[in-house]
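The values are calculated or read from the model by the stated rules, or taken from the named source; none is laboratory data. Predicted model only: the values in this text are computed from it and were never measured. Quick reminder, even Gly has a Cβ in these numbers, built from the backbone with ideal geometry, and neighbours come from all protein chains shown. Heavy atoms of the whole protein, side chains included, go into the accessibility calculation; ligands, DNA and RNA do not. Shrake-Rupley method; radii C 1.70, N 1.55, O 1.52, S 1.80 Å.
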Amino acid sequence: MELLGKVAIVTGGASGIGRAIAAELARAGAHIVIADVRRAEEAASIMAATLPEDASPQILGVYADVSSEQSVGEMMDGVRHHFGGVDILVNNAALFAETTGGPFEMIPLEEWRRVFEINVLGTYLCSRAVTGSMRERGGGAILNLASGTVFKGVPWRLHYVASKGAIVAFTRSLARELGTDNIRVNAIAPGFTMSDGVLANAEGFTDSIRQSAASRSLVRDEVPADLACAARFLCGPGAGFITGQTVVVDGGSAFH
Ligand SMILES: NC(=O)c1ccc[n+]([C@@H]2O[C@H](COP(=O)([O-])OP(=O)(O)OC[C@H]3O[C@@H](n4cnc5c(N)ncnc54)[C@H](O)[C@@H]3O)[C@@H](O)[C@H]2O)c1
């Protein structure tokens with residue numbers, strides 16, 4: 001229970017990898033804010049019901065569109081009102097499974113912009129919204145979701161891969177800016193993961209589903225739970241001297 005009493009916001013925490021990370025942070029004792037455009041309150045009540053009876057964390061579901069400055073501000077106002085502040089931010093919300101796969105010339109311009117608005121601007125807006133509170137509380141941890149595609153040069157979703165490359169750069173530079181405030185900034189780079197979003201759009205991922213397990217040293221599919229303990233570690237006191245890093249969690253496919 002190393003996160004007992006801490007407050008953690010997980011964007012996109014209503015499903016997929018975000019939900020697995022949120023549940024693991026709750027098991028470590030943290031109060032959780034599930035900030036999502038879809039089903040945030042429903043996901044929060046389901047998660048609260050699955051915690052052990054003796055667990056004390058509160059799970060709050062809040063509507064938030066990470067690409068909107070106003071929506072992120074309202075979410076943060078709600079978190080301050082309910083919990084008084086925040087210690088941990090997991091920037092997980094992103095457009096991935098619903099993006100167009102194919103040659104880069106075929107990516108609709110509007111979709112390119114939307115991917116960067118959610119994946120990159122959203123990470124910036126949420127990080128900016130929490131740092132004042134983290135400073136007041138003497139420190140904090142920001143964890144970003146990058147992607148193993150950055151290190152492998154995966155083709156056919158260039159807007160998505162480029163947005164995740166930006167997250168690796170963002171993580172490094174923000175770690176330098178916030179180190180003196182005792183705010184650590186790290187990232188996890190998952191491999192291709194059988195998340196809710198991927199399973200719901202499986203027809204667009206037939207090659208990835210067929211090939212990704214075979215590309216790994218540990219030859220099996222990756223599932224959201226594979227990311228959860230790495231996230232718990234990077235958000236917790238055991239990682240107290242780790243910042244600016246991107247940890248690849250993909251069963252040994254990309255070595256970085
Ligand atoms: N699944 C993979 O193979 C994979 C691989 C590498 C990295 N990742 C990264 O992991 C993270 C989670 O991916 P996933 O596959 O679990 O996704 P998912 O599609 O299963 O879930 C994404 C969640 O984000 C929410 N969301 C979308 N837009 C939002 C917005 N504007 N504001 C707030 N919430 C929003 C969705 O409602 C959903 O609950 C993403 O950052 C993704 O890029 C995923």
**Asked** Which residues' amide hydrogens lie under 5 Å from the amide hydrogen of residue 248, considering only partners 5 or more residues apart or on another chain, with H built in the peptide plane?
**Response** 189
**Prompt:** Picking from 31, 159, 82, which is most flexible by a Gaussian network model of the chain using Cα springs under 10 Å?
**Reply:** 82
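Given all pairs of different Cα atoms, what value in angstroms does the Kirkwood hydrodynamic radius of the chain take?
On the way: mean 1/r = 0.0552 Å⁻¹.
Mean inverse Cα-Cα distance, inverted, gives 18.1 Å.
If you place +1 on the Cβ of every Lys and Arg and -1 on the Cβ of every Asp and Glu, how big does the dipole about the Cα centre of the chain come out, in debye to the nearest 20?
Numbers: 21 positive and 27 negative charges, 139 e Å.
Taking the Cα centre of the chain as origin, the dipole is about 660 debye.
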**Message:** Under 5 Å between amide hydrogens, which residues at least 5 positions from residue 142 or on another chain qualify, with H placed 1.01 Å from N in the peptide plane?
**Reply:** 89, 184, 185, 186
**Asked** What residue among 91, 201, 119 has the largest mean-square fluctuation in a Gaussian network model of the chain, using Cα springs under 10 Å?
**Response** 201
**Message:** Given a 1.4 angstrom probe, I'd like the percentage of the accessible area of the range 7-249 that is carbon and sulfur, rounded to a whole number.
**Reply:** 55
**Prompt:** Using 16 Å as the cut-off for backbone N distance, which residues of the range 174-209 belong to the label zone defined by a point 7 Å from the Cα of residue 100 along Cα→Cβ?
**Reply:** 204
**Item:** Highest-fluctuation residue, 49, 28, 146 considered, GNM on the chain with Cα pairs under 10 Å
**Value:** 49
**Fill in**
Going residue by residue through the range 154-164, the Karplus relation 6.51 cos²θ - 1.76 cosθ + 1.60 with θ = phi - 60° gives ³J(HN,Hα) values, rounded to whole Hz and with x marking Gly or Pro, of 5, x, 5, 9, 4, 4, 5, 5, 5, 5, 6
**Request:** Go through the range 107-123 residue by residue and turn each phi into a ³J(HN,Hα) via Karplus (6.51, -1.76, 1.60, θ = phi - 60°); whole Hz please, and just put x for glycine and proline.
**Result:** 6, x, 4, 4, 5, 4, 5, 5, 4, 5, 5, 7, 6, 9, 4, x, 5
**Prompt:** When the dipole is taken about the Cα centre of the range 17-78, and only Lys, Arg (+1) and Asp, Glu (-1) are charged at their Cβ, what size is it in debye, to the nearest 20?
**Reply:** 220
**Message:** So if I take the centroid of the Cα atoms in the range 98-145 and the same for the range 1-57, what is the distance between those two points in Å?
**Reply:** 20
**Asked** What residues qualify as long-range amide H neighbours of residue 61, i.e. H under 5 Å apart, gap of 5 or more or another chain, H built at 1.01 Å from N?
**Response** 34
**Message:** What are the ³J(HN,Hα) couplings of the range 166-172, residue after residue, when phi is run through the Karplus curve with 6.51, -1.76, 1.60 and θ = phi - 60°? Round to Hz, x for glycine and proline.
**Reply:** 4, 5, 5, 5, 4, 4, 5
**Prompt:** Got a sec? Charge dipole of the range 1-105, +1 on Cβ for Lys and Arg, -1 for Asp and Glu; which of 9, 49, 71 is way out at the positive end?
**Reply:** 49
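Return the calculated 222 nm mean residue ellipticity for the chain, to the nearest 500 deg cm²/dmol, obtained by summing -39500 (n - 2.57) across DSSP H runs with n ≥ 4 and dividing by the residue count.
-12500 deg cm²/dmol
Starting from 0.36 nm per residue, how many nanometres of slack lie between residue 169 and residue 210 once their C-alpha separation is accounted for? Present the calculation step by step, with values, prior to reporting the outcome.
Details: separation 41, 0.36 × 41 = 14.76 nm, distance 3.04 nm.
Between residue 169 and residue 210, full extension yields 11.7 nm more.
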